[in-house]
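One structure is given below, encoded as structure tokens.
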Protein chains: 2
Amino acid sequence: MTQHTCFRHPKDYPCTCAMGNLYRFVEPVVLFLLKCKGRSYGYELSSELAEHALTDAEIEAAALYRTLRQLEKNGFVRSEWDSGHSGPARRVYALTERGEVHLEEWVTVLDHMSASMVRFVLDAKSECSQSETHEDVVGVATLAGWAGQ
Amino acid sequence: MTQHTCFRHPKDYPCTCAMGNLYRFVEPVVLFLLKCKGRSYGYELSSELAEHALTDAEIEAAALYRTLRQLEKNGFVRSEWDSGHSGPARRVYALTERGEVHLEEWVTVLDHMSASMVRFVLDAKSECSQSETHEDVVGVATLAGWAGQ
DNA sequence: CACTCCTCAGTGCAAGTTGCATCTATTGAA
DNA sequence: TTCAATAGATGCAACTTGCACTGAGGAGTG
């Protein structure tokens with residue numbers, strides 16, 4: 001990330017924006033929404049994505065559309081054009097069987113990851129309180145200056 | 001990710017390898033280890049990283065070294081050469097005050113993220129069992145064919 | 001001595017990813 | 001006519017990453 005300040009969140013809020021491509025977690029959420037709804041299209045999904053998002057980073061429409069096309073390329077969803085309504089045509093997506101399996105794989109992965117994170121947070125918090133020499137200064141800035149590469 | 005098969009894990013294990021740059025979670029773990037140990041160097045950290053890693057993706061030495069340099073560039077750690085021992089010289093790192101704050105920001109972020117993930121996993125699991133038409137097929141393959149962009 | 005292996009820190013590059021700006025088109029309302 | 005909302009998508013510069021590789025110091029072995 002080149003971006004060295006996050007202009008999307010207040011200054012004292014540690015946000016995930018600067019982590020950049022972490023918004024890949026778009027993929028499992030899209031699969032989940034398609035499973036729940038049966039079928040949907042990009043523009044509709046984009047508004048519902050935030051409710052189930054795994055980070056607080058804003059999800060760009062561009063990323064969502066590209067993710068959907070890639071999911072289709074990999075056989076996890078299938079799509080067709082739908083013009084039976086007013087306004088521009090919609091590319092309507094639905095999960096395939098492979099997509100259902102893929103969602104379950106994601107659930108397993110996220111289950112493991114969340115457990116690791118919870119463990120890490122506990123470890124880190126106890127380590128912090130252990131060597132508490134200064135006041136509690138949690139949440140003073142954002143992750144904007146994160147390391148990356 | 002180009003990589004379409006994961007050769008590092010058994011076939012029926014949904015791994016995070018294919019998620020690629022997720023191993024950015026190297027950063028908080030490095031900060032945490034430096035806080036615990038006081039000071040350390042790349043080669044040593046690389047062996048301890050796996051124990052606290054937030055994903056099961058292998059952490060490459062190249063990524064670790066680059067992360068450390070970047071952390072230093074951003075003022076979260078500082079380093080000096082140490083030759084007072086046999087073998088090649090080591091670049092020894094220690095947390096700065098900014099680094100301690102940054103670690104606490106990461107803890108806050110990961111706390112939020114883990115909560116979101118736990119919620120998502122619960123939602124997805126209940127959704128799956130709700131519409132259970134086929135046997136439980138969790139964990140049949142890897143995330144190798146994940147969508148990306 | 002030559003040879004090999006381990007330790008330690010990197011670099012180079014092709015391929016992939018992403019944020020942002022921009023484009024096209026349809027429809028309805030002012 | 002003009003504007004706004006809906007809908008999907010692309011172009012590109014900048015960045016990230018996996019993999020292969022370099023190179024140096026020291027220990028052990030024959």
- Task: Working only within the range B:35-47, note down all residues that are over 12 Å from the mean Cα position of the chain (by Cα) and more than 12 Å from DNA strand D (Cβ to nearest atom).
- Result: B:LYS35, B:CYS36, B:LYS37, B:GLY38, B:ARG39, B:SER40, B:TYR41, B:GLU44, B:LEU45, B:SER47
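Does B:ALA63 count as under 21 Å from the mean Cα position of the chain (by Cα) and at pLDDT 80 or above?
Numbers: under 21 Å from the mean Cα position of the chain (by Cα): yes; at pLDDT 80 or above: yes.
So B:ALA63 passes the test.
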- Query: Name the residues in the range A:75-88 that are more than 11 Å from DNA strand C (Cβ to nearest atom) and of a type outside the set (Asp, Glu), would you?
  - Reply: A:GLY75, A:PHE76, A:VAL77, A:ARG78, A:SER79, A:TRP81
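Taking the range B:32-48, which residues are touching a helix residue (DSSP H, G or I) at 6+ places or on another chain (Cβ under 9 Å) and away from DNA strand C (no atom under 14 Å from the Cβ)? Step through it out loud before you land on a result.
First, pick out the residues of the range B:32-48 that are touching a helix residue (DSSP H, G or I) at 6+ places or on another chain (Cβ under 9 Å): B:32-37, B:40-46, B:48.
Matches in the range B:32-48: B:PHE32, B:LYS35, B:CYS36.
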- Message: Give all pairs with beta carbons closer than 6 Å in which a residue from the range A:115-126 that is among the hydroxyl-bearing types (Ser, Thr, Tyr) meets a residue that is outside any helix (DSSP H, G or I); count only pairs at least 6 apart in sequence or on separate chains.
- Response: A:SER116/B:LEU54
- Extreme residue, nearest to DNA strand D (Cβ to nearest atom), among residues of the range A:61-82 that are within 13 Å of A:TYR43 (Cβ to Cβ) and in contact (Cβ under 8 Å) with a residue 24 or more places away in the chain: A:LEU68
- Message: Can you tell me how many residues within the range B:49-71 are of a type in the set (Asp, Glu), within 13 Å of another protein chain (Cβ to nearest Cβ) and away from DNA strand C (no atom under 11 Å from the Cβ)?
- Response: 2
- Task: List the number of the failed condition for A:PHE32; all other conditions in (1) modelled with pLDDT of 80 or more; (2) within 13 Å of DNA strand D (Cβ to nearest atom) hold.
- Result: (2)
- Message: Within the range A:83-108, take every residue that is touching a residue at least 40 places away in the same chain (Cβ under 8 Å) and β-branched (Val, Ile, Thr) and give me the one that is farthest from A:LEU54 (Cα to Cα).
- Response: A:VAL92
- The residue that is farthest from the other protein chains (Cβ to nearest Cβ), considering only those in the range B:114-144 that are under 20 Å from the mean Cα position of the chain (by Cα) and modelled with pLDDT under 90, is B:ALA144
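The values are calculated or read from the model by the stated rules, or taken from the named source; none is laboratory data. Predicted, not measured: the structure shown is a model, and the values here were computed from it. Neighbour counts are summed over all protein chains in view; Cβ atoms, including those assigned to glycine, are modelled from backbone coordinates with ideal geometry.
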